[in-house]
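Read the structure below first, then the notes.
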């Protein structure tokens with residue numbers, strides 16, 4: 001029998017006889033299954049709630065009585081973000097971002113009703129999800145069960161016997177690694193079944209699912225290689241365990257926290273209060289469509305009169321107040337878009353800053369890859385906000401156009417006149433359909449994190465090779 005396979009099988013026999021190892025594997029399996037089921041239930045319940053609220057908001061908008069179109073502009077409308085099927089695997093930042101947008105004229109609102117703001121403080125520590133189990137708990141299991149795979153042979157004296165029998169150090173190291181990879185494969189079984197269920201039962205796109213599976217398989221392979229390499233370097237299991245626990249604490253807990261805090265410090269976002277003041281100042285500088293003596297809109301009125309070849313707004317073939325609403329919304333929306341672009345650019349810089357820390361901690365790389373493939377990262381949130389804003393602008397301008405084309409200027413200025421429209425005029429205008437990021441774009445955005453993981457695998461392979469050489473040199 002191949003010596004690598006023989007060593008791996010012997011290691012598996014030892015693990016099977018070790019009650020702690022068996023209990024640890026059973027526990028992580030139960031946690032994975034529980035995480036998959038609870039995350040799926042939470043995702044289904046949240047998506048059903050959002051669909052119900054969206055349907056009710058659409059019905060209430062369409063069921064309004066006869067109203068003036070500009071009243072409908074200020075009545076507004078709610079739109080909700082539909083959850084990505086893969087959010088059941090990794091919810092990413094979804095719990096911390098809003099899930100609903102209130103759309104109204106003259107304003108660009110932020111999303112509201114994030115899960116963290118509506119739940120207990122325990123939500124801030126994160127839901128039990130398959131991604132959390134694989135990214136945080138599974139490496140810890142490999143550390144506790146595998147820290148002594150090579151160091152134990154030294155402590156018991158069997159390493160010298162193996163080397164005396166002609167077994168090469170690299171065969172010992174590779175056999176131990178193969179045993180840990182088998183353990184990691186068992187840990188991946190519930191995740192594989194859960195991801196397959198998302199493809200079959202929730203129509204999740206296949207390529208992002210494959211990226212999620214491959215990324216987490218590479219993550220566990222990285223830890224199996226690191227555990228084996230560290231165990232080969234140390235002569236005592238206790239020392240190897242302490243070293244690996246320190247590595248896990250720094251890589252999985254400490255560095256991600258430092259990275260997020262440093263990103264916020266390096267590329268700080270203005271507060272909501274500061275942004276509101278800046279927007280109000282710029283709006284005042286643009287011009288006030290409600291002020292008949294405003295310089296900009298005086299000029300706008302003259303251009304409109306010249307365009308239609310009349311001397312008074314009363315003689316226009318369209319309602320001038322509707323034209324004012326269209327122009328005012330165009331100007332304010334352009335201003336809001338500019339501020340939103342600046343804010344998202346700053347957040348993108350924070351994300352790139354975090355990417356650089358992925359070279360210091362593979363935990364950041366796997367989290368970035370996982371959220372990107374699941375569509376629950378910053379880009380997925382930004383896409384929802386931008387689509388919501390385009391829908392808001394189209395809806396408001398459609399109502400302003402109704403005012404311009406269906407109501408006369410004289411009736412608009414005379415409250416005694418009938419200046420309301422039948423709600424059939426805006427039926428169907430409120431319907432909103434969120435389009436997630438295409439799978440190809442999702443994979444492209446996850447590529448930097450995948451490259452970082454590959455680099456970490458290469459570093460772990462080099463450490464493993466150095467460990468096997470150290471093993472050979474220490475017993476010459």
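Just for region 245-259: of the residues that are surrounded by 14 or more Cβ atoms within 10 Å (Cβ to Cβ) and over 21 Å from the mean Cα position of the chain (by Cα), which one is nearest to residue 328 (Cα to Cα)?
250
Filter region 385-403 down to residues that are surrounded by 24 or more Cβ atoms within 10 Å (Cβ to Cβ) and at pLDDT 90 or above and give me whichever is farthest from the chain's Cα centre (by Cα). Before the answer, list the steps.
Let us first name the residues in region 385-403 that are surrounded by 24 or more Cβ atoms within 10 Å (Cβ to Cβ), namely 392, 395-396, 399-400, 403.
Subsequent filtering for residues that are at pLDDT 90 or above retains 392, 395-396, 399-400.
Details: 392: 24, 395: 28, 396: 30, 399: 34, 400: 36 Å.
Out of the qualifying residues, it is 400.
Taking the criterion of being under 30 Å from residue 398 (Cα atoms) and buried (at least 16 other Cβ atoms within 10 Å of the Cβ), would at least one residue in region 33-49 satisfy it?
yes
Within region 147-188, how many residues turn out to be more than 32 Å from the chain's Cα centre (by Cα) and part of a helix (DSSP H, G or I)?
Of the residues in region 147-188, 24 are more than 32 Å from the chain's Cα centre (by Cα) and part of a helix (DSSP H, G or I).
Residues checked against (1) over 22 Å from the mean Cα position of the chain (by Cα); (2) surrounded by 15 or more Cβ atoms within 10 Å (Cβ to Cβ); (3) part of a helix (DSSP H, G or I):
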site	(1), (2), (3)
261	no, no, yes
276	yes, no, yes
280	yes, no, yes
285	yes, no, yes
290	yes, no, no
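Residues of region 320-361 being crowded, with 18+ Cβ neighbours inside 10 Å and not in a helix (DSSP H, G or I), which ones?
Of everything in region 320-361, those that are crowded, with 18+ Cβ neighbours inside 10 Å and not in a helix (DSSP H, G or I) turn out to be 358, 361.
Of the residues that make up region 307-316, is at least one in contact (Cβ under 8 Å) with a residue 40 or more places away in the chain, in a helix (DSSP H, G or I) and surrounded by 11 or more Cβ atoms within 10 Å (Cβ to Cβ)?
Let us first name the residues in region 307-316 that are in contact (Cβ under 8 Å) with a residue 40 or more places away in the chain, namely 313-314, 316.
This time we only want the ones that are in a helix (DSSP H, G or I), so: 313-314.
When the remaining residues are screened for being surrounded by 11 or more Cβ atoms within 10 Å (Cβ to Cβ), the result is 313-314.
For region 307-316, residues in contact (Cβ under 8 Å) with a residue 40 or more places away in the chain, in a helix (DSSP H, G or I) and surrounded by 11 or more Cβ atoms within 10 Å (Cβ to Cβ): present.
Can you list residue pairs whose Cβ atoms sit under 6 Å apart, with the first residue in region 72-99 being at positive phi and at pLDDT 85 or above and the second being part of a loop (DSSP other than H, G, I, E, B) and crowded, with 24+ Cβ neighbours inside 10 Å? Count only pairs 6 or more apart in sequence or on different chains.
Cβ pairs passing all conditions: 92/376; 92/377.
Taking the condition surrounded by fewer than 14 Cβ atoms within 10 Å (Cβ to Cβ), in a helix (DSSP H, G or I) and without any contact (Cβ under 8 Å) to a residue 24 or more places away in the chain, does residue 410 pass?
no
Being farther than 24 Å from residue 202 by Cβ and at pLDDT below 85 is the filter here, so list the residues in region 17-58 that pass it.
Hits for region 17-58 are 17, 18, 19, 20, 21.
Any residue at all in region 114-131 that is within 30 Å of residue 400 (Cβ to Cβ) and either at pLDDT below 80 or part of a helix (DSSP H, G or I) (or both)?
no
The values are calculated or read from the model by the stated rules, or taken from the named source; none is laboratory data. Remember, predicted model here, so these are calculated numbers, not experimental data. No Cβ is skipped: glycine too gets one built from the backbone with ideal geometry, and neighbour counts run over all protein chains shown.
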